[in-house]
Amino acid sequence: MPDPFADLLLRLRQDAGRTQEGQAEAINAVSGRDTMTRREISRYENFENIPTSHTIGHIAAACGVPFEELQREAKAARARKRKGHANAGEDLDAVKRRTLLGGAAVGVSAAAEPWGRLAFALSKESKIDSPSAGALIDRAAELHVQELNLSARRLQSTVESHLDAITAALPRAGEHERALTIAAGETAALAGWVAWDLGEHDKADAYYKVTSQCATTAGHPPLRALALTYSSYGASTPKAKLELLSQAASDVRGHGNATAAAWVLGRQAEEAAAAGDEMGALRALERARFAYDFADHTSEQAWVRFVTPYRMDSLALSVYGQLGRPELTATADTAVDRLGDELPDGGVVVLGDLASALLRGGDVDQGVYVSRQFAAAAQAKPNTMGKERASTIAASLPDREQDLAVYLRQFAS
């Protein structure tokens, strides 16, 4: 007869749909350290070892269950182990009946997806103290920076595990509830962006909806702007894209939102250019650059950290390239000078937009040259934005560059 606590850990992992390796990764994502291994998970589930109280906290967060209840079961397991398993089986049925396995915290069994667990937690409205709130919030910010140099596939499990950790903490957040709700929304939005990049469009929409729910719950309109701007990439028509971005622009008005406003307005300029609205595109780009003059992407909302000067270069290149504007040459020179000899985080996006802009603008030879630079950089530093650029560049390459076009399409898929 296995020990009730070992059996409990096994079923919590299975309810979360994870392998032992996946459980170790989820716990490491919560703790911020790579110390948990598949072997240690196996030891716990075979009752060869019992997690420390510190690790119990990470397991609880990773599985979305109350720390206090899991800690109580661990304490009972330690007592049984000291007694040599004498009464190991007598309370197995009692443990099975516990609400811990029935989804008492955030519905591990009932809510199979991270956005479902988050929506459930938001509806509970109960509050307890959460001493790890600061670490959870900081981790959410770090993930938005990692998006620049990690592939979507590598990033997805980390983002979703962190969303589960915040979700588990929300009902106990106390005075940190609003800040954690915002961090949860920021993480959910990134999860949506990654899902969209992987072709999981329904999943992305679900994440964006719960991000907006977080924005409403926290009374934080810029968070809704994040969801709307990400959603604009996947909207079905130019009109739908611009409507989403118009609402997002309204949500980022006011003090402290300069970087967010610059990004939203830059996206608005990009989509207006795609729709053939030259005047609207140039006006929006001018407003975006003006906003960025007052911005500090390192100290405003966590998610704006990716809106670097390189990203603003890429938006301008996209606009001028689509419109065939004479400003393209000077903007391209500035972007190349800013990149320097070593490609920084986010530089892949700039190279992609530069290549696309040159090809659209008619400078085919230079466009092909930069496309090859982009292809090499995208392979070395894959990120969620690079794949979209690859598809656009492949469609614009001349017939003589079919090999490069095929490679970029494969990369995009």
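I'd like the accessible area for Arg72, computed on protein heavy atoms only with a 1.4 Å probe and all protein chains in place. Round to 10 Å², please.
Arg72 has an accessible surface of roughly 120 Å² with all protein chains in place.
So for each of 285-296, 21-32 I average, over its residues, the number of other beta carbons within 10 Å; can you give me the resulting order with the highest mean first?
Numbers: 285-296: 17.2, 21-32: 21.4.
In descending order of packing, they fall as 21-32, 285-296.
So what are the radius of gyration and Dmax for the Cα set of the range 133-219, in Å?
Rg then Dmax for the range 133-219, in Å: 12.3, 38.
Sort Val252, Val364 from largest to smallest accessible area, using a 1.4 Å probe on the heavy atoms of the protein chains. Provide the component values of the computation, followed by the final result.
Working: Val252 5, Val364 50 Å².
The most accessible residue leads, giving Val364, Val252.
Based on a Kirkwood Rh over C-alpha pairs, give the Stokes-Einstein translational diffusion coefficient of the range 284-413 at 37 °C and viscosity 0.692 mPa s in µm²/s.
Numbers: Rh = 14.9 Å.
In µm²/s, the coefficient is 221.
Just the Cα atoms of the range 287-339, one point each, no solvent: what log10 I(q)/I(0) does Debye give at q = 0.20, 0.25 Å⁻¹?
With no solvent term, the Cα-only Debye profile gives -0.75, -1.00.
Just to confirm, what accessible area per residue do you get for the range 273-387 at 1.4 Å probe, in whole Å²?
45
What list of ³J(HN,Hα) values in whole Hz, one per residue of the range 293-300 in order, does the Karplus curve 6.51 cos²θ - 1.76 cosθ + 1.60 (θ = phi - 60°) give from phi, with Gly and Pro shown as x?
Running phi through 6.51 cos²θ - 1.76 cosθ + 1.60 with θ = phi - 60° gives 4, 9, 9, 9, 5, 8, 10, 9 Hz.
Using the Karplus curve 6.51 cos²θ - 1.76 cosθ + 1.60 with θ = phi - 60°, what ³J(HN,Hα) values do you get for each residue of the range 282-290, in whole Hz, with x for Gly and Pro?
With the stated coefficients, the range 282-290 comes to 5, 5, 5, 5, 4, 5, 5, 5, 5 Hz.
Residue-wise, which Karplus ³J(HN,Hα) couplings in Hz belong to the range 190-206, taking 6.51 cos²θ - 1.76 cosθ + 1.60, θ = phi - 60°, and x for glycine or proline?
Going residue by residue, I get 5, 4, x, 4, 5, 4, 4, 5, 8, x, 8, 5, 5, 5, 4, 4, 5 Hz, with x marking Gly and Pro.
Dividing the alpha-carbon radius of gyration of the range 215-337 by 2.2 N^0.38 Å (N being the number of residues), what value is obtained?
Cα Rg divided by the expected 2.2 N^0.38 Å: 1.02.
Would you mind classifying the range 171-283 by shape? Square roots of the alpha carbon gyration tensor eigenvalues, ordered a ≥ b ≥ c; an a/c under 1.5 is rounded, otherwise it is prolate if a/b is larger than b/c and oblate if not.
Numbers: a/c = 2.90, a/b = 1.49, b/c = 1.94.
In terms of gyration-tensor shape, oblate.
Among 211-224, 40-53, how do they line up by average Cβ neighbours within 10 Å per residue, starting with the highest? Before the final figure, lay out the partial values.
On the way: 211-224: 21.6, 40-53: 17.0.
Listed from highest to lowest mean packing, they are 211-224, 40-53.
The values are calculated or read from the model by the stated rules, or taken from the named source; none is laboratory data. Since this is a predicted model, take the numbers as computed values, not measurements. Cβ atoms come from the backbone with ideal geometry, glycine included; neighbour counts cover every protein chain shown. We work out accessible area using only protein heavy atoms, side chains counted, and drop any ligands, DNA or RNA first. Shrake-Rupley method; radii C 1.70, N 1.55, O 1.52, S 1.80 Å.
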